[in-house]
Amino acid sequence: MVNISNSDEHKTFNNNTTNKSGTIRFIPGFNSISKATPTVSIALNNSRGTTDLSITAPSDIINNNSISSTSSHRLLPESTKSYSSLRDIEISFDESLSSRVPNKTSNGNINEVAPIEFTTSNSISQNEHNSYQEILTDLLSESFYSYTPSVCGMGRCGPSVVSNELPNIFNKSETLLSVNKQRLTRFNKNFFIISDAGKPIFTMHRDDKKIIPLAGIINTIVNYFQVNQQAEIKTIHFRNTGQKFVFLNKEHIIIMIHSNLGESFKILQDQCYFLYSYLISTLTSKSLERLFRNRSNFDLGTFLAQSDIENLNSICHLLSNNFYPDIFLNALQSNPIEKRIRNKIHKEILQELHENRDIIPRGTLLYGFLLIGEDTKMAAVIRPQGHTLYTHDIQLLFCLVRRHLHLNTMDRELWIPICFPKFNSSGFLYSYIKTLSLKNKSVMVLLSAQKDAFFKLKLFGDRLLTRLGKDSHIAKIIISDNPCTGFSIKDIPAPLIHHFIFKSTKNAQYIMPIMEYNIKYQDVIENTVSCNDESENNQKYLGNQQKDDIHFMEDGIDLLNYQIKLQRYYMELHNSVTSEDGSKLQSRSVINFIQWDGITSKNISSYGDIDNLQSVNNRRIHIMGMVWCTPHFELYLISNNGVSDKGAISSSAKNILRWCQKHEQRLFIQNGAIF
Amino acid sequence: MSTRKKNILKVIILGDSGVGKTSLMHRYVNNKYSQQYKATIGADFLTKEVDVDDKVATMQVWDTAGQERFQSLGVAFYRGADCCVLVYDVTNTKSFENIKTWRDEFLVHANVSSPETFPFVILGNKIDCEENKKVVNTKSAQELAQSLGNVPLFFTSAKDAINVDNAFEEIARNALQQNQNDADAFEDDFNDAINIQLDGEPNSCSC
């Protein structure tokens, strides 16, 4: 039985009565022929209305404990795992090939076409999922404060002490530092960009010998659905392990993200788009089309510059190993500055613009930003009347700035052509990037459409800087060498709250307190670094094996682990109020609590069974999270460990809301310097 | 992370079922041969580093299934190939007659930049077998290769490892050449500045 859910209607088709239905079989396993060179086979059978897709793949692509296999003549006996049911694999794809069908608009938007969800049988987990959603929806609709939290985690434990450390309850999580295994499966997340001829262009974690055959498989899977089902595959979801494979098929480029980290389909798809947008931002869609036109054998992987590969790599790390809420919030982080001073900055910018009309005539400068800190928090915006850039495009630009901050190449001035895909995907804008303070990590970015405007923008930038430097208040914020700290959670009358994110929908900006974590209490993310020695080994390993990845290690393992945990908590909160495809469960206001209960140990192995963990160093976890979405704002918060009182949390949430609303003009950039 | 220096060459092997495509590939990549016959289902993907005339590249070999029922994905498999290898069995006349069909089939689906110059290589496999079983004579094979535009022709045996390395070296050379030709045909032009008038109508960015 195949369930096909359409956007406007729900139908159930029987296999025998409709052409649209099909059985989809997955037969994963090892290949028998060579260990040195893994081969991969895809079997396709399309006769008599049934369609079989079986994949024989090295274990690198498919986690063996997630699925097991039926007997197949291609399997090695010792690697054959018994396997009974396929019901936990869900494949969904779009039916219509809107982007490929002529006479239809190109750039087919996934949201416009009817999604079809294939479930291979009536699975139990599907039912559980449904009932969970029903319960959640019921709870939400009951009242504004529904005092029945949804309970996640591993059951209740005894009383506990409130602490501000953030334990890790996601026991299955394995970080980038778990280096015991050499296979690609050791990574929780991987990103693949391949050409539509099946040639690899970029992968985050590389192993060329394995990636090249994998590129062939990814290509075949995507094309299988196009050829046989007239459909675009969107995702393959292994329900019992949470593994997801999300596909994005654009002209000439196929992007696939594999993740175990529990993001929703929508978030992973947005990330696919983000990688695709990066390619456009460095090439323009026009060049991409020109490169592949009439020669689909083009090897874009060797064409991309070193810096492109590095930028893609740093974006992938941002999306998998860092706390980067910008994409799922679809917002930019604002740097809180006293209202009076921010207004003064904007006024000075406009004044300087006015006085320099001879140097930069109107039309030269298109847009500008003053950014502060490693995470590119916006301090000021310069923009023309009636125009705004898309958040998505600005995020790409800021990723570039981030990368250069990381590289510490910021004593130089940069002039970088960058294409903004949403604004105009066929041409470049030019960005002048200048560091104002190395310690403060403050940066000025000026955008122009003119290729030769570098010296004009440089001159203007220098003069603007001189002017801003004259005001001691402004200088202190932007140019001084004091590291800018932002605000702390302690500044806000919100007891028991560990960390929060507040997004102002109107401004498409968000704020959050600086990250404060206690290194001493930092619980080791399982299977990684449990003592200094190992840490050194890991560092050494990274030094030898992953030199490419070393740049993101500068922050230190503690901060990194902390960020990964924070990301997981916020991801669960976000997922709890959005459905898999990203739409809000309720159109208006939603409030939801999540209670994470559990025990953690210093020596949990990455796939350790939680029942066997009572022995050593048990520490109880009670963490409560809350998400509150309205048309005007979104508030996500995480409590300190040891809190399970919804009343206390919601009253702190109200305090945060009041505080944010009271200081709105300080926290967010309302208009900017508009010329 | 460094950029990949080596080009990837996509090589696709076509031919009737049972002519020895998979055996040839495994002889070349792994230097192994198995007497046992297993039909390829769909396609196999193998990689091999090649070094021809001081040029290095990574060959991505797409070993397709010869059986007709697996052909629905042809388009996907053929797209963007750098070289196409056509294999027949010297003991099987039909497989030889089908070489031209396979070539046409490939050209229809592959969407190559110039069909006239696209590199093919023909392999007559199984020359290890007894003389009386050989039904495709050398002369007609040479004539066919000639008529298809001087396509390089090799008589091989995957079983006895005859001529396989030579053949694949030629394949790699042709693929590299094809790749190079395509790269040369492309002229860099990244003059894609946008013309923007701020005071005029909003240029697609009003939102």
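The values are calculated or read from the model by the stated rules, or taken from the named source; none is laboratory data. Quick caveat: nothing in here was measured; it's all calculated off a predicted structure. A quick note on method: Cβ atoms are made from the backbone with ideal geometry, for glycine too, and the neighbour counts reach across all protein chains shown.
Just a few scattered comments:
- For the stretch A:359-389, residues that are over 25 Å from residue A:512 (Cα atoms), touching a helix residue (DSSP H, G or I) at 6+ places or on another chain (Cβ under 6 Å) and within 14 Å of chain B (Cβ to nearest Cβ) total 2.
- Hey, residue B:81 surrounded by fewer than 24 Cβ atoms within 10 Å (Cβ to Cβ), among the aliphatic types (A, V, I, L, M) and in contact with a strand residue (DSSP E or B) (Cβ under 9 Å, 6 or more places away or on another chain) or not: no
- Some residue of the stretch B:104-117 being outside any strand (DSSP E or B), without any contact (Cβ under 8 Å) to a residue 60 or more places away in the chain and touching a Pro at 6+ places or on another chain (Cβ under 9 Å): yes
- Against the test of being more than 13 Å from chain B (Cβ to nearest Cβ) and hydrophobic (A, V, I, L, M, F, W, C), the options A:460, A:423, A:428 yield a single qualifying residue, A:460.
- Complete set of residues in the stretch A:241-282 that are assigned to a loop (DSSP other than H, G, I, E, B) and touching a helix residue (DSSP H, G or I) at 6+ places or on another chain (Cβ under 8 Å): A:251, A:252, A:261, A:262, A:263, A:264
- Against the test of being hydroxyl-bearing (Ser, Thr, Tyr), in contact with a helix residue (DSSP H, G or I) (Cβ under 8 Å, 6 or more places away or on another chain) and surrounded by fewer than 20 Cβ atoms within 10 Å (Cβ to Cβ), the options A:437, A:431 yield a single qualifying residue, A:437.
- Of the residues making up the stretch A:315-337, those that are part of a loop (DSSP other than H, G, I, E, B) and under 28 Å from residue A:192 (Cβ atoms) are A:322, A:323, A:324, A:325, A:330, A:331.
- Boolean, residue A:401 is assigned to a helix (DSSP H, G or I), out of contact with any His (no Cβ under 6 Å at 6 or more places or on another chain) and either more than 12 Å from chain B (Cβ to nearest Cβ) or at positive phi (or both): yes
- Selection within the stretch B:11-35 - touching an Asp or Glu at 6+ places or on another chain (Cβ under 6 Å) and either farther than 20 Å from residue B:105 by Cα or hydroxyl-bearing (Ser, Thr, Tyr) (or both): B:22, B:25
- Scanning the stretch A:218-264 for residues that are of a type in the set (D, E, K, R) and under 22 Å from residue A:572 (Cα atoms), we see that the one that is surrounded by the fewest Cβ atoms within 10 Å (Cβ to Cβ) is A:239.
To keep it simple, each residue is scored yes or no on (1) under 22 Å from residue A:281 (Cα atoms); (2) within 14 Å of chain B (Cβ to nearest Cβ); (3) touching a residue at least 40 places away in the same chain (Cβ under 8 Å).
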position	(1), (2), (3)
A:319	yes, no, yes
A:328	yes, no, yes
A:347	no, no, yes
A:357	no, yes, no
A:391	yes, yes, yes
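- Selected residue (criterion: farthest from the chain's Cα centre (by Cα)) from residues of the stretch A:292-306 that are facing chain B (nearest Cβ under 8 Å) and surrounded by fewer than 17 Cβ atoms within 10 Å (Cβ to Cβ): A:294
- Considering the stretch A:645-675, the residues that are assigned to a loop (DSSP other than H, G, I, E, B) and buried (at least 18 other Cβ atoms within 10 Å of the Cβ) include one that is modelled with the lowest pLDDT, namely A:672.
- Where a residue in the stretch A:255-275 is acidic (Asp, Glu) and its partner, wherever it lies, is not in a loop (DSSP other than H, G, I, E, B), with Cβ under 6 Å and at least six apart: A:263/A:571; A:270/A:327
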